[in-house]
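Trainee: Once you've had a glance at the structure underneath, I'll fire off some questions.
The values are calculated or read from the model by the stated rules, or taken from the named source; none is laboratory data. These numbers were taken from a predicted model, which means no experiment stands behind them. Neighbour counts run over all protein chains shown; Cβ positions are idealised from the backbone, glycine included. Side chains included, ligands, DNA and RNA excluded: accessible areas come from the protein's heavy atoms. Shrake-Rupley method; radii C 1.70, N 1.55, O 1.52, S 1.80 Å.
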Amino acid sequence: MIRVLIISIFSLLAFSCKSIKIDDIPKDNYVSNEAVVENTYFATVGEEHIFRANITVFKNELSGLLVVKRIDDQLHRVVLTSDFGNTLFDFSIYKDKYVANYVMSDINKKFILNILAKDFQLFTAAHLPVSKKIADGQQVVYLGSYNKLKTVVIWDTPLERVSRLIYGTPNKAKASYNYTKSEEGKPILSIEHYNFPMSIKLTPMTDE
């Protein structure tokens, strides 16, 4: 699986400009609304989340354990280990930068690291600036930007929390970060890329 990541670098470059239109999100009629939406999932300082991680890249699968912990107001620590206990990567994630504390040599490629870091910067973001919104049934859809990246924030009104964060716009989405899905009655978090075939499914191993 690790070798697949390396072999696929050139394929990733070919996919990297691709985006899709999100059918279930309004495309227009938004109204101005300057605000900050709070995403509480990874917001508590000192709280550790442990997930069973299933990563699919170009139809190849890798599984392991992912640990996400908010260290302080500026920093999240994100660590992925294999089923054999080997650390694959250990990142310190800040809003506008990341530090690779350890990366397995086979995946220590800047292109791969930048993709993973951007994913976890968005996935763990606690404060999401927005500038427009529209009510859509039982959800409110916001348009904004985070760290100079365009975003769509979907707020689940009954649950009173962010259910999905999209990197891109309703017409040109590049990735989706999902917080409230479920499979067989179990909560599932996920990261799905639209500009190349990579997805991450996270099943909490602790009560969320």
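Trainee: Can you list residues whose amide H is under 5 Å from Asn108's amide H, if they're 5+ apart or on another chain and H is modeled 1.01 Å from N?
Mentor: Placed amide hydrogens put nothing under 5 Å from Asn108.
Trainee: Express the C-alpha Rg of region 82-208 as a ratio against the empirical globular expectation 2.2 N^0.38 Å, rounded to two decimals.
Mentor: Output field value: 1.13.
Trainee: Accessible area of region 155-208 with a 1.4 Å probe: how many percent of it is carbon plus sulfur?
Mentor: About 46 percent, which is the carbon plus sulfur part of the accessible surface.
Trainee: Here's a follow-up. Order Tyr194, Tyr177, most accessible first, counting only protein heavy atoms with a 1.4 angstrom probe.
Mentor: The most accessible residue leads, giving Tyr194, Tyr177.
Trainee: Here's something else I'd like to know. Shape call for region 16-148 from the C-alpha gyration tensor, a ≥ b ≥ c root eigenvalues: rounded (a/c under 1.5), prolate (a/b greater than b/c) or oblate?
Mentor: Prolate, because a/c is 1.5 or more and a/b exceeds b/c.
Trainee: Still on this structure: Helix 110-123 versus the longest principal axis of the chain: what angle, 0 to 90°, nearest 10, using Cα atoms?
Mentor: It is inclined by approximately 40 degrees.
Trainee: Just in region 114-208: which trypsin sites (Lys or Arg not before Pro) are loop by DSSP and have at most 12 other Cβ atoms within 10 Å?
Mentor: Within region 114-208, the qualifying trypsin sites (Lys or Arg not before Pro) (loop, at most 12 other Cβ atoms within 10 Å) are Lys148.
Trainee: With every protein chain present, what is the per residue accessible area of region 50-114 (1.4 Å probe, Å²)?
Mentor: Here the per-residue accessible area is 54 Å².
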